[in-house]
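In what follows, a structure is listed as structure tokens, so that the remarks can point back to it.
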Amino acid sequence: MKPITAEWVARTESDFGTAQRESRVRKNPNYDGICFHYQQRAEKYLKARLSEAGISFGKIHDLVAILEQVVKVEPDWEIFRQDLAYLSDFAAAFRYPGESADKKAAAEAKRLCTFFRKIARSSLGLRT
């Protein structure tokens, strides 16, 4: 694995740790933050796969746009399009006034990321 890929993987696992810790908060959990970190987890696994394939990308947070590049090397990842579109909203829209995530959204974000992580790690030759 390329060093930059390993760095992306380390960062995505860090986002997972943050989401998990916030999920355990009993009083006033930050559901927006939880969802944001799950979005970041998916984003960084997509970018890890692009890095490993030697495909350059810009500073973009739209998961579907990133997926467009990834499917060139992982065509089967097309099945994640709808899930990634759902998660993509948590990158910005839910970080500002006007929209808020709730417990149900946080649980759904976790579910989608858990499945995606499994496939992404397998693709990178990592244990799932």
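Please treat every number below as a calculation from the coordinates, not as lab data. Computed from a predicted structure; not experimentally measured. Positions of Cβ are backbone-derived with ideal geometry, glycine not excepted, and every protein chain shown enters the neighbour counts.
How high is the FRET efficiency between LYS72 and LYS27 when r is their beta carbon distance and R₀ equals 41 Å, given to the nearest 0.05? All intermediate terms of the calculation are to be shown ahead of the outcome.
On the way: r = 46 Å, r/R0 = 1.11.
So, using R0 = 41 Å, E works out to roughly 0.35.
As a test of the formula, what do you get for the chain when each DSSP H run with n ≥ 4 contributes -39,500 (n - 2.57) and the sum is divided by the residue count, at 222 nm and rounded to the nearest 500 deg cm²/dmol? It would help to have the intermediate numbers written out before the result.
Working: 5 runs with 81 residues, N = 128.
Value at 222 nm, helices only: -21000 deg cm²/dmol.
Using a 10 angstrom cutoff on alpha carbons, build the Gaussian network for the chain and name the most mobile of ALA19, ALA109, ALA85.
The residue that fluctuates most here is ALA85.
Could you tell me which of ALA101, SER56, LEU67 has its Cα farthest along the dipole of the chain towards the positive end, charges placed at Cβ (Lys, Arg +1; Asp, Glu -1), taken about the Cα centre?
Most positive-ward Cα: ALA101.
With springs connecting C-alpha atoms under 10 Å apart, model the chain as a Gaussian network and identify which of SER14, SER56, SER88 has the largest mean-square fluctuation.
Looking only at SER14, SER56, SER88, the biggest GNM fluctuation is shown by SER56.
If one takes the longest principal axis of the Cα atoms in the chain, at what angle in degrees, from 0 to 90 and to the nearest 10, does the Cα axis of helix 3-23 lie?
Helix 3-23 sits roughly 20 degrees off the main axis of the chain.
Can you sort ASP62, ASP83 so the residue with the fewest Cβ neighbours within 10 Å comes first? All intermediate terms of the calculation are to be shown ahead of the outcome.
Values: ASP62 15, ASP83 19.
Arranged by neighbour count, lowest to highest, ASP62, ASP83 become ASP62, ASP83.
Charges only on Cβ, +1 for Lys and Arg, -1 for Asp and Glu: so what's the dipole of the chain about the Cα centre, in debye to the nearest 20? It would help to have the intermediate numbers written out before the result.
Values: 22 positive and 17 negative charges, 119 e Å.
Using only the charged Cβ atoms, the result is roughly 580 debye.
How far, in degrees from 0 to 90, does helix 103-123 lean away from the longest principal axis of the Cα atoms of the chain, to the nearest 10?
That works out to roughly 20 degrees.
So which trypsin sites (Lys or Arg not before Pro) in the stretch 1-71 are both in a DSSP loop and have at most 13 other Cβ atoms within 10 Å of their Cβ?
Details: sites: ARG11, ARG21, ARG24, ARG26, LYS27, ARG41, LYS44, LYS47, ARG49, LYS59; in loops: ARG24, ARG26, LYS27, LYS59.
Loop-located and lightly packed - ARG24, ARG26, LYS27, LYS59.
Nearest 10 degrees, 0 to 90: what angle lies between the long axis of helix 31-53 and the longest principal axis of the chain (Cα atoms)?
Result, in degrees: 0.
Which shape class, rounded, prolate or oblate, goes with the stretch 6-114 when its Cα gyration tensor gives a ≥ b ≥ c as root eigenvalues, a/c under 1.5 marks rounded, and past that a/b bigger than b/c marks prolate? Write out the running numbers ahead of the final one.
Numbers: a/c = 2.11, a/b = 1.71, b/c = 1.23.
Prolate, since a/c reaches 1.5 and a/b exceeds b/c.
Give me the percent relative contact order of the chain, please, defined on Cα pairs under 8 angstrom at least 6 residues apart.
Taking the mean separation of contacting Cα pairs over the length of the chain, I get 29 percent.
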